[in-house]
Structure formats: C-alpha cells, structure tokens
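Before any comments, here is the structure.
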Amino acid sequence: SELPRQRSAIRQALAAGDAAAARATLHQLKASCAFVGAARLLEAVCALHATPADSAARAAFERECDALA
C-alpha cells in the first residue's frame, strides 16, 4: 500500500533533479521490498538508487512498479 506514494515521491524528486530526495525514498523502499519479498522490485530499486539519472534504471523501476499495481 506504500508503493504508490513512494513511487510518486521518487518521480517528483527525479523530475526536480533532487537525487538525494529520490535516494532517501528509494532507501525506504529497499527495506519494504526486502520485508515483503519483492525481489524484482528490490533489484530495480537498488539499480535506481545507484544511478538515479540512468534512464534504463528508471524504466526498470517503472516496469516493476507497474507489475505490482
């Protein structure tokens, strides 16, 4: 239930060029993914956390979010 809010916050931070804010929310999302066993989303979150400006990492994150919607 937290994913839509976190996804929105990450999108807004990335759109604003605020990598630090995006990473803060991605960090929270990592813990949630690990807790519920969302391995594919966790992989995408980790990749985006490492390289928030990477368009492929953003696309993978969006795909995995969509898969859980």
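The values are calculated or read from the model by the stated rules, or taken from the named source; none is laboratory data. Not measured: the values here are computed from a predicted model. Reconstructed Cβ throughout: ideal geometry from the backbone, glycine too, with neighbour counts over all protein chains shown. Side chains included, ligands, DNA and RNA excluded: accessible areas come from the protein's heavy atoms. Shrake-Rupley method; radii C 1.70, N 1.55, O 1.52, S 1.80 Å.
Determine whether residue 40 is modelled with pLDDT of 95 or more, touching a helix residue (DSSP H, G or I) at 6+ places or on another chain (Cβ under 8 Å) and among the basic types (Lys, Arg).
Yes; evaluated as a whole, the condition is true for this residue.
Hey, could you check the stretch 8-25 for residues that are assigned to a helix (DSSP H, G or I) and more than 13 Å from residue 49 (Cα to Cα) and say which is most open to solvent (accessible area, probe 1.4 Å)? It would help to see each step written out before you state the result.
If we filter the stretch 8-25 for residues that are assigned to a helix (DSSP H, G or I), which is where we start, we get 8-15, 19-25.
This time we only want the ones that are more than 13 Å from residue 49 (Cα to Cα), so: 8-9, 12, 15.
Details: 8: 49, 9: 35, 12: 124, 15: 91 Å².
Step by step, filter the stretch 8-25, then rank; the result is 12.
Tally the residues that are among the acidic types (Asp, Glu) and either in contact (Cβ under 8 Å) with a residue 24 or more places away in the chain or open to solvent by less than 70 Å² (accessible area, probe 1.4 Å) (or both), restricting the search to the stretch 36-55. Show your work before the answer.
Keep residues of the stretch 36-55 that are among the acidic types (Asp, Glu), which gives 43, 54.
With either in contact (Cβ under 8 Å) with a residue 24 or more places away in the chain or open to solvent by less than 70 Å² (accessible area, probe 1.4 Å) (or both) added as a condition, the list becomes 54.
Residues in the stretch 36-55 being among the acidic types (Asp, Glu) and either in contact (Cβ under 8 Å) with a residue 24 or more places away in the chain or open to solvent by less than 70 Å² (accessible area, probe 1.4 Å) (or both): 1 in total.
Any idea which of (1) of a type outside the set (Ser, Thr, Tyr); (2) at pLDDT 95 or above; (3) surrounded by fewer than 12 Cβ atoms within 10 Å (Cβ to Cβ); (4) more than 12 Å from the chain's Cα centre (by Cα) is the one residue 69 doesn't satisfy?
(2) is the only condition that residue 69 fails.
All but one of (1) buried (at least 18 other Cβ atoms within 10 Å of the Cβ); (2) touching a residue at least 60 places away in the same chain (Cβ under 8 Å) hold for residue 3; which doesn't?
(1)
Quick one: residue 48 ticks every box in (1) touching a helix residue (DSSP H, G or I) at 6+ places or on another chain (Cβ under 8 Å); (2) part of a loop (DSSP other than H, G, I, E, B); (3) modelled with pLDDT of 95 or more except a single one, so which number is it?
(2)
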